[in-house]
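Enquirer: Have a look at the structure that comes next, please.
The values are calculated or read from the model by the stated rules, or taken from the named source; none is laboratory data. No experiment lies behind these values; they were computed from the predicted model shown. All Cβ positions, even for glycine, are placed from backbone atoms using ideal geometry, and neighbour counts span all protein chains on display.
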Amino acid sequence: MKKYSFLFCLTLLSFITQAQLRFGGMGRPATPAQAELNYASPQEYEIADIVVSGSKFYDGNSMITLSGLRVGDKIKVPGDAISSAIKKLMDQGILEEVEVQAAKIEGNKIWLVIQLKERPRLFRIEYNGIRKGEQETLSDKIKTYKGKIITATVKKNIELAIKKHYQEKGYLNVGIKIAERTDTLRGNNATMKIYIKKGDKVKISKIEFDGVSEMKLSTLKRKLKGTKERKFWRIFTPSKYVPKKFEEDKGKLIEYYNKKGYRDAQILKDSVFKDSDKTVKVIFRMEEGRQYHYRNIFWEGNYIYPDSVLTEILGVKKGDIYNTEDLEKRLNGKPQEDVSSAYMDNGYLYFQCEPVETAVVGDSIDITFRITEGKQATINKVIVNGNTKTSDHVVMREIRTLPGQKFNKSAIIRTVRELSTIGYFNPEKITPNPIPKADGTVDIEYNVEEKPSDQIELSGGWGGYIGFVGTLGVTFNNFSAKNIGNWESWKPLPSGDGQKLSVRFQANGVAYQNYSLSFTEPWLGGKKPNSFSVTLSRNISYPYKIQQYNYLSNPYAYGGYGYGYGYGYGTGTSTSTLTTAQQDSATTAQNSAHFNSTSLSFSLGKRLKWPDDYFSLSNSLSLSLIDIAGLGSSYYGYPEGKSLSIAFVTNLSRNSIDNPTFPRYGSSFSLTASLTPPYSLISGNTNSTLIEYHKWMFDASWFTAITNKLVFHMRTHMGFLGSYNPNKAISVFERFDVGGSGMMTGYTIASRDIIGLRGYKDRILGSQGTVPNGGVAYNKFVMEMRYPVSLNPSATIFLLAFAEGGNNFANYQEYNPFKLYKSAGVGARIFMPAFGMIGIDYGWAFDKVPGVSDFGRQAFTFSIGQQIR
């Protein structure tokens, strides 16, 4: 409680009592100077000096300045000057008490002492009645108060902040008491002890609606997203009563009515009744009004487009339900489809359209759209801010709004999409800003925020047949080859030119090794988006050593192979019938048995303008030399000796998704054909060591936003492998394996496509399971619901629920796209720029895979650095 001391009063009562108060003193003995004062007859004095006493943490001269008193001033004592000085100091809120004393009086001069008692500062907060975790949460919410001067306002604000925190969690009856204790060891600091009694969560026992006849009550209750009735089955949306969410839900209720044409709908009254200390009852009294429809639509001020064109773009017909929210979207909210885009894509930056209700007849409304077209605006210059790492020319080549062009709203939206997909910037922070100029031109400013794009892979995993595999890889997604000679740019490698350099190494000791190096230039020559890529890889594997390693690591799992694996594979002879010398010879042969391959590929790609500029086409030439020795023809059916694959690969794709990390809308598809020369048709030789095949892959994805965050994703994948010559068997290379996470692509010892199928074991529908030599055809269908937990570019996290089905077929006689192994489950994805996409899924397989352990089922699936295909 503030203690104001008034030192000078002109009343008789003041004269009697001032012997005790002495200028506002708190009962202290009067100084000799004070005793000389005649309070019944104020006299004028000149201030000879002012001294501040009791100030430990504030500057005395500052206090004198704040008081308004000055040396040399002439004041009456008693008088308003002293009381005004006390009030000014107390109004600062930093002092608990203020006294003004007369230290000395000589003639008409007076020496004043300002005696202060400072308020303590908040040093520490202690809690009582709540758990440690809750204390940490509260400390984060009110940490801004630490170090502040403790006043009644500060205490009240802290109490309100704590109450708000618990009310948002449903604790409406929370009790709070605050005690203050001065810490004498820390000077003018104090500890605030807060006693909290949460009580019980208050839940909603019942929600009722009065005055509702046009809507289903169950539908209205569903629209109350944060206000739910207590039900035994309600788990994910608890029924706690939160005042803030309750207010938000009232707005959502009216929005829903408005969407259905009930323009006049309103909540006449809402009541919250207390049933008990734990429950409340909520009642809404509604006035629905009537449902309105569009009648006549008029346009005013339009000269560029006639009424008929604008009405067609608007897409509203007579008799349609009157929906103001939908109307706003049709005017301004659908890029390339709304009315504003028709003007702004043609340079009319200053276009405005105001809908006005010009007549209401019964349940019908006439709308007049008043248009201001303005003048066409030309782009003056383009400004990019925030690209601290990426070079300007890399950003500018993705921008669709160039100086000299007419202003184009759709081109700005497309630019934002292109800047998002190159992967160097945070998609959530790319913001365009048109800046109109007085001369009728416009500057367009793009603000971006760099995000880490390089990735490092350091992991270990179990690769099924190969066993444990360690992986070390690094990908520089924004590399700069031209700055290799500039040592100042090595941080740790030169970057900023948008090139991609990837190095990867995998190994299982000496038994399996894989090396790969790739480089991509997305703008070959720097003028057009023509990409060039080169990839070199080397695979070395010794299948017998792999099995021997796995046998020694886990003899129970690999006991069937033993030391006779390689020799038995090649000759069909059991090791039990061999002499020691023969066994030694067999072991030597087994250790030299290998499957090695070296591959080199070159690729050229370009963006297309037809059918639209979301399309791209790439062509590549791939050469692979495969060397197989000591494995026998029964090893996946691969032929002994050296085989050469020369393949022309062409890919046609279209990608219009808005965000590569967490897409909300758009689609993508890819059609790939891999074609080797038809050697058998040319030479008639069906036993050539030249690998021959034609292979077709199709992948498609669709994304649709259900709400601002909830996204529905559907995709399909298909693959087919064939032979040119009907008399020649389909190649044993380039086949398909299905099952698991799809992560084992890099672990396989041959050129295979590994297709994930969650809920099932790795490659169980392939060469490790029911299709011994791999499939020649597969298909897979997936549906997912995705919900983001965090869209922070340093760690994007989203949850998903999925249902999918797929199968793999050894020949086309068995092919049936409707015969699927199905599964469903839930999962999570974490995208970190340094590691790529990390995923874990729990899947339940609905179908049994015959002839394999556990029917081929595997609940958990883990992936890293990829999306499951």
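Enquirer: Evaluate the following for Gly54: is it on the phi > 0 side of the Ramachandran plot and surrounded by 15 or more Cβ atoms within 10 Å (Cβ to Cβ)? Before the answer, list the steps.
Expert: Values: on the phi > 0 side of the Ramachandran plot: yes; surrounded by 15 or more Cβ atoms within 10 Å (Cβ to Cβ): yes.
Criteria met by Gly54.
Enquirer: Would you pick out the residues in region 588-629 that are surrounded by 18 or more Cβ atoms within 10 Å (Cβ to Cβ) and out of contact with any Ser or Thr (no Cβ under 9 Å at 6 or more places or on another chain)?
Expert: Scanning region 588-629 gives Gln590, Ala593.
Enquirer: Of Lys269, Lys245, which residue is under 30 Å from Val174 (Cα atoms), of a type outside the set (A, V, I, L, M, F, W, C) and touching a strand residue (DSSP E or B) at 6+ places or on another chain (Cβ under 8 Å)? Break it down stepwise before answering.
Expert: Values: Lys245 fails: touching a strand residue (DSSP E or B) at 6+ places or on another chain (Cβ under 8 Å).
It is Lys269.
Enquirer: Can you confirm whether region 375-394 contains a residue that is among the hydroxyl-bearing types (Ser, Thr, Tyr) and part of a strand (DSSP E or B)? Give the steps one after another, and end with the answer.
Expert: In the first step, residues of region 375-394 are kept if they are among the hydroxyl-bearing types (Ser, Thr, Tyr); the result is 378, 388, 390-391.
Now restrict to residues that are part of a strand (DSSP E or B): 378.
Yes; the residues of region 375-394 include at least one that is among the hydroxyl-bearing types (Ser, Thr, Tyr) and part of a strand (DSSP E or B).
Enquirer: Please work out if Ser618 is in contact with a Gly (Cβ under 6 Å, 6 or more places away or on another chain) and part of a strand (DSSP E or B). Full working, then the answer.
Expert: Values: in contact with a Gly (Cβ under 6 Å, 6 or more places away or on another chain): yes; part of a strand (DSSP E or B): yes.
Against the criterion (in contact with a Gly (Cβ under 6 Å, 6 or more places away or on another chain) and part of a strand (DSSP E or B)), Ser618 qualifies.
Enquirer: Report the residue count in region 190-205 for those that are under 37 Å from the mean Cα position of the chain (by Cα) and either free of Cβ contacts under 8 Å to residues at least 40 places away in the same chain or assigned to a strand (DSSP E or B) (or both).
Expert: First pass over region 190-205, keeping only residues under 37 Å from the mean Cα position of the chain (by Cα): 194, 196-205.
Okay, now just the ones that are also either free of Cβ contacts under 8 Å to residues at least 40 places away in the same chain or assigned to a strand (DSSP E or B) (or both), so 194, 196-197, 203-205.
Of the residues in that region, 6 qualify.
Enquirer: Does region 181-205 hold any residues that are of a type in the set (D, E, K, R) and either within 30 Å of Ser55 (Cβ to Cβ) or exposed (fewer than 14 other Cβ atoms within 10 Å of the Cβ) (or both), and which are they?
Expert: Keep residues of region 181-205 that are of a type in the set (D, E, K, R), which gives 181, 183, 186, 193, 197-198, 200-201, 203.
Selection gives Arg181, Asp183, Arg186, Lys193, Lys197, Asp200.
Enquirer: Moving on to the next point. Quick one: which of Ile125, Ile114 is in the same structural domain as Ile176 (by TED's automatic domain parsing) and of a type outside the set (Lys, Arg)? Walk me through how you get there before you give the answer.
Expert: Numbers: Ile114 fails: in the same structural domain as Ile176 (by TED's automatic domain parsing).
Checking each option against the conditions leaves just Ile125.
Enquirer: Going through Gly774, Gly769 one at a time, which residue ends up being in contact with a Phe, Trp or Tyr (Cβ under 7 Å, 6 or more places away or on another chain) and of a type in the set (Gly, Ala, Ser)?
Expert: Result of the check over Gly774, Gly769: Gly774.
Enquirer: Going by what's in this entry, would Phe809 be described as under 22 Å from Thr707 (Cβ atoms), crowded, with 20+ Cβ neighbours inside 10 Å and in contact with a strand residue (DSSP E or B) (Cβ under 8 Å, 6 or more places away or on another chain)?
Expert: Values: under 22 Å from Thr707 (Cβ atoms): no; crowded, with 20+ Cβ neighbours inside 10 Å: yes; in contact with a strand residue (DSSP E or B) (Cβ under 8 Å, 6 or more places away or on another chain): yes.
In short, no.
Enquirer: When you scan region 216-226, do you find a residue that is in a loop (DSSP other than H, G, I, E, B), of a type outside the set (Phe, Trp, Tyr) and closer than 22 Å to Asp275 by Cβ, even just one? Before you say what the answer is, go through the steps one by one.
Expert: Start the filter on region 216-226 by keeping residues that are in a loop (DSSP other than H, G, I, E, B), which leaves 216, 224-226.
Among the residues that remain, those that are also of a type outside the set (Phe, Trp, Tyr) are: 216, 224-226.
Right, trim to closer than 22 Å to Asp275 by Cβ and you get 224, 226.
Checked region 216-226: at least one residue is in a loop (DSSP other than H, G, I, E, B), of a type outside the set (Phe, Trp, Tyr) and closer than 22 Å to Asp275 by Cβ.
Enquirer: Could you check how many residues of region 261-294 are of a type in the set (Gly, Ala, Ser), outside any loop (DSSP other than H, G, I, E, B) and crowded, with 16+ Cβ neighbours inside 10 Å? Break it down into steps so the answer makes sense when it comes.
Expert: Restricting attention to region 261-294, the residues satisfying the condition of being of a type in the set (Gly, Ala, Ser) are 261, 265, 271, 276, 289.
Adding the requirement that they be outside any loop (DSSP other than H, G, I, E, B) leaves 271.
Adding the requirement that they be crowded, with 16+ Cβ neighbours inside 10 Å leaves none.
The total comes to 0.
Okay, residues lined up against (1) assigned to a strand (DSSP E or B); (2) polar (S, T, N, Q):
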site	(1), (2)
Ile628	yes, no
Pro639	no, no
Lys642	yes, no
Ala647	yes, no
Asn651	yes, yes
Thr661	no, yes
